[in-house]
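What follows is one structure encoded as structure tokens, with my remarks underneath.
Every read-out reported here was derived from the displayed coordinates using simple, explicitly stated rules and does not represent laboratory data. These numbers were taken from a predicted model, which means no experiment stands behind them. Using ideal geometry, Cβ is built from the backbone for each residue, glycine included, and neighbour counts are taken over all protein chains shown.
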Amino acid sequence: MNAAYRGGRRLDGGDIIFRILVLLIPVVNVIAGFLWAFGGRTEETRRFGKTVLVVMILGLMGAVFFGLYGMVVLRSLQPLLG
């Protein structure tokens, strides 16, 4: 089934723009992700919410990993820099 269909009708541009705008708001995006993942009316909305949460978790893990990596690199360069 085409990903652009929801409940037998196509997603219109307003739905897509609304979702993107909601995901840009810092705290609201997490709440909306949980609401869409576990309280969505259609299967597509639930799948979209779960995907949003997975991407957020992967982004957080990447940020923590690269933050720690940067700290280790800077700590190892500290004796060389003074």
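Some observations on this one:
- Counting only whole DSSP H helices of the chain, the ones at least 20 Å long by C-alpha along their axis and with mean Kyte-Doolittle hydropathy no lower than 0.5 are 43-81.
- Shown for Leu60, Leu23: other C-beta atoms within 10 Å of each C-beta, ranked fewest to most, produce the order Leu60, Leu23.
- Taking the square roots of five times each eigenvalue of the Cα gyration tensor of the chain, the equivalent ellipsoid has semi-axes of 39, 12, 11 Å, listed largest first.
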